[in-house]
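The values are calculated or read from the model by the stated rules, or taken from the named source; none is laboratory data. None of the values given here were measured: they were computed from a predicted structure. Cβ sites come from the backbone with ideal geometry, for glycine too, and all protein chains shown count toward neighbours. When the accessible area is computed, the model is the full protein with side chains, heavy atoms only, and any ligands, DNA or RNA have been set aside. Shrake-Rupley method; radii C 1.70, N 1.55, O 1.52, S 1.80 Å.
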Amino acid sequence: MVWNPLRLLKTLIHFEVVGPLSKGLRNLPGMTDSGIPMTQALDANNLVPVTGKQMLWLPGAAVETADALTKSVASLNYGVTTESEPSLVNTPMVIWPGPEASLELGPLLEQLGQQVAYQEATLIDFRQPDPAIAALWGSLDDGVMGGVSASQVQWREGLRLVGEVSTANSGGFASIRTRNLEPPLNLGQWQGTVLSAQGDGQRYKWILRDTSGWDSLAYCRSFDTEADRLSTVRTPFLEMVATRRARTVPEASSLNPAQLYSMQLMLSKFEYDGELNPAFQPGAFELTVQSLGVYRQGPKPVIVLPGENAAESAQLITAAGLTGVVRQGKSFAVIGTSDKLPPEVEPAIIGAIFEFFR
């Protein structure tokens, strides 16, 4: 492999580093790695997090019960899970199925009182990308400093960073990055990002920038991948490390998620401050990102007890710091730490659950 000046030119054109000529040149054939010309600019105001289906956790229930409940609540945009240890992501309610449960109510409530619940929403589904989003991404490799690594943007089952990385000519990194978003993306109401990614066993970097400069501070978080296995990579904004050319900048302020200008995925032989990436292997690499989402800590789930004794249940639920719902005549009563349902739980779903377990 030898240094390729044409790749450097394509990089400079894609990221508009060569001035006003960039916008005209980047639509010429062969000037975009993705093969998608920039025919329509992306309005970042249209990137709005979309919350997916809400889940009901039915611990210890029989498969038949879960399947039947799934059909009953499908019209309300709810799903049902019986996982032994759910992550409590977008799970606003836990239903105690009663005698058929394979675990006791008291220990379950204690666990739920201590477990963190999350709300997640999808920002970009890379498996079905908008052409304006796809056209933002371009290669940014060590060729900008004389290296010979070569990455490529591909769109197959998601956003794919593929290519070959080499340490020749003092290089050792390959990446793909977006042009600046206009206006900058405002994710100030969220705690961090969630990537659904499948890699090759190497350690990659997820990078965000909150200023528009080409060589501005890069806020990084390294993440490991497993070959042929999809992983969920949750990255808190407050834990992203301010860097400049792989050197940490301790005096820098934290990332400002309310004004995000660009995103980047990178494979590098370096971690930070001269330390080597322990999983780095020169040669071919491949990383596929199916989706980019956001998350924040959510409220504790509401415990629904269709057939339990209200007085005994109230004591257990209150002790665990939770809110519950029990049957009361033809309606229901809210018990525990609050006497009202949280805003994200509508009476209609509670009614549907009680009707199912009647």
- Query: Excluding ligands, DNA and RNA, what is the solvent-accessible area per residue of the stretch 194-263 at a probe of 1.4 Å, expressed in Å²?
  - Reply: 47 Å²
- Pairs over 24 Å Cα to Cα, from K53/K300; K71/K340; K53/K205, come to K71/K340; K53/K205
- Task: For the stretch 138-282, give the percent of accessible area contributed by carbon and sulfur heavy atoms, probe 1.4 Å, rounded to a whole number.
- Result: 45 percent
- Query: For percent of Cα pairs over 40 Å apart, which listed value, (i) 29; (ii) 40; (iii) 12, comes from the coordinates shown?
  - Reply: (i)
- Quick one: what are the phi-derived ³J(HN,Hα) couplings along the stretch 265-272, Karplus 6.51/-1.76/1.60 with θ = phi - 60°, whole Hz, x for glycine and proline? 10, 9, 10, 9, 6, 9, 8, 9
- Message: Between D125 and Q290, what is the label-point separation in nm under the 7 Å Cα-to-beta-carbon projection?
- Response: 1.2 nm
- Surface accessible to a 1.4 Å probe, S253 within the full protein complex, Å²: 80 Å²
- Residue separation between V48 and K71 times 0.36 nm, minus their alpha-carbon distance, gives in nm 5.4 nm
- Message: Given a 1.4 angstrom probe, what's the average accessible area per residue across the stretch 45-102, in square angstrom?
- Response: 50 Å²
- Task: Output the peptides 238-244, 341-347 sorted from most to least packed, where packing is the average of other Cβ atoms within 10 Å over each peptide's residues.
- Result: 238-244, 341-347
- What is the calculated FRET efficiency for E110 to A168, with r their C-beta to C-beta distance and R₀ = 56 Å, to the nearest 0.05? 0.45
- Message: Below 14 Å, Cα to Cα, which aspartates and glutamates can K330 reach? Residues fewer than 8 away in the same chain don't count.
- Response: E355
